[in-house]
Amino acid sequence: MCRNFELLYFLNLVKLWKDDIIKDMNTEIIKMDEGAIRKEDIQKAGELIKAGELVAFPTETVYGLGADALNKDASRKIYTAKGRPSDNPLIVHIAEISALEKIVTEVPEEARRLAEAFWPGPLTMCFYKKNIVPDETTGGLATVGVRMPNHPVALAFIKGAGGYIAAPSANTSGRPSPTLASHVYEDMNGRIPLILDGGAVGIGIESTIVDFTGDVISILRPGFITKEMIEEVVEQEVQIDPAVNGVSADSRPKAPGMKYRHYAPKAELAIVEGHSHKAVVEYMVTLCQKALEEGKRCGIMVTEEHFGAFREFEERKEFVLKNLGHEDDEASVARALYRVLRDFDEEQVDVIYSEGFVQDGVGQAVMNRLIRAAGHRILSVPEE
């Protein structure tokens, strides 16, 4: 069945190109005034969705690339616009909890409690889908991920567009997710008709994904809603899926971000870990000096607390130094991560070295994104 789905996707993609449905277009940006959402703007975006087109919109996590989740042709357009593998499922965004009943077969009591606790918010839950949700939306899976974003523009847009919006992040596949409308425009200009500009997002990393289709409740992607927060609500142990940090090349991912290299800058990225911060900093300097000798432009990502160790190199313009936020405030690191990776692209660095983070709480989500962006390239400080 999976191979047949891949063949079907390819043939439909060829048809789209042949029919000139995929073509250069003028991408409009509508600035959504802070605290005031204009009815005519939401109506325009909704009409585009109902016509089978794509619209980028802000959420509290990252910007999403939206299409009618119940329209298989519209979902195909998402994969094409992003250059996204067709087995990588899309998340369906809703604006009301009651909307679940139309698209999923069953909602366990634990899931209802999570929805009451965290929706609207950065939490996606996976259920078995009803046939009304096309395979093109779920990457050929019998399951679907659903969430209700906590952003006034997103909620108004979803309601105005029919109530069911399939939306991955609004970037070309593999690149850092967009946290500003300008990031979306950089990747999607000429590919989609409209971007709703709601300003900078609040969280900066994608939602936590919780799976209710297995024998136990499991986390498929860590995010701002942590394992501990989920366990407190469901009152039972929740597992971290072993595939969170990578699945085999021939497997079908159950959720976005599980299989392919994601969130990556154009430069080669590596995470540096060691027995002390001092050792990590010194090794990062050594690595960058070596890169300089090889004629490469080097970038460094560190938290505010370790910024000073690289100041002299930055003043001499030897390295490109970026601040990730505060070490004791993982949420600030999450907000900065994708923006910093895109800043490195603009400054045309060849190689980037980043410090690692403790994999607890939101730090686990940050490290998950970093590991994906680095293609699992982690360097350990050599022992003396």
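Here, segment 295-343 has an Rg and a Dmax of 11.2, 35 Å when only alpha carbons are counted.
Residue by residue, segment 159-166 carries 3J(HN,Hα) couplings of 4, x, 9, x, x, 9, 10, 7 Hz when phi is fed to the Karplus relation 6.51 cos²θ - 1.76 cosθ + 1.60 (θ = phi - 60°); x denotes Gly or Pro.
How compact is the chain by the rule of thumb for globular proteins, expressed as Cα Rg over 2.2 N^0.38 Å? Working shown, then result.
Working: Rg = 20.9 Å, N = 384, 2.2 N^0.38 = 21.1 Å.
Here the Cα radius of gyration is 0.99 times the empirical estimate.
Close amide H partners of Ala267, meaning residues 5 or more places away or on another chain with modelled amide H under 5 Å apart, do not exist here. Note on segment 325-365: percent of Cα-Cα distances in each 10 Å bin, starting at 0 and stopping at the bin with the largest distance, equals 26, 50, 23, 1. Our coupling estimate for segment 359-365, obtained by passing each phi through the Karplus curve with A = 6.51, B = -1.76, C = 1.60 and θ = phi - 60°, is 8, 10, x, 5, x, 5, 5 Hz, Gly and Pro reported as x. Placing a label point 7 Å from the Cα of Ser380 along the Cα-to-Cβ direction, the residues of segment 258-297 whose backbone N falls under 15 Å from that point are 271-276, 280.
Taking amide H as placed 1.01 Å from N in the peptide plane, the amide H of Val320 sits under 5 Å from that of Cys298, Gly299, Ile300, each at least 5 places away or on another chain. For the pair Ile97 and Thr27, label points projected 7 Å from Cα toward Cβ lie 3.7 nm apart. Model label points for Asp360 and Glu106, set 7 angstrom from Cα along the Cα-to-Cβ axis, are 3.7 nm apart. Solvent-accessible area per residue in the chain equals 43 Å², computed with a 1.4 angstrom probe and all protein chains kept. Taking every alpha-carbon pair in segment 110-187 and binning the separations at 5 Å intervals from zero gives 3, 12, 18, 21, 25, 15, 5, 1, 0 percent. Taking amide H atoms as placed 1.01 Å from N in the peptide plane, the amide H of Glu355 lies under 5 Å from those of Val272, Met301, each 5 or more residues away in sequence or on another chain.
For the chain, what % of the accessible area comes from carbon and sulfur atoms, probe 1.4 Å? Intermediate values should be presented prior to the final figure.
Details: 8020 of 16660 Å².
Of the solvent-accessible surface of the chain, carbon and sulfur hold 48 percent.
The values are calculated or read from the model by the stated rules, or taken from the named source; none is laboratory data. Everything numeric here is computed off the predicted structure, so don't read it as measured data. So basically every Cβ, Gly included, is an ideal-geometry build from the backbone, and we count neighbours across all protein chains shown. Surface areas here come from the heavy atoms of the whole protein model, side chains and all, with no ligands, DNA or RNA. Shrake-Rupley method; radii C 1.70, N 1.55, O 1.52, S 1.80 Å.
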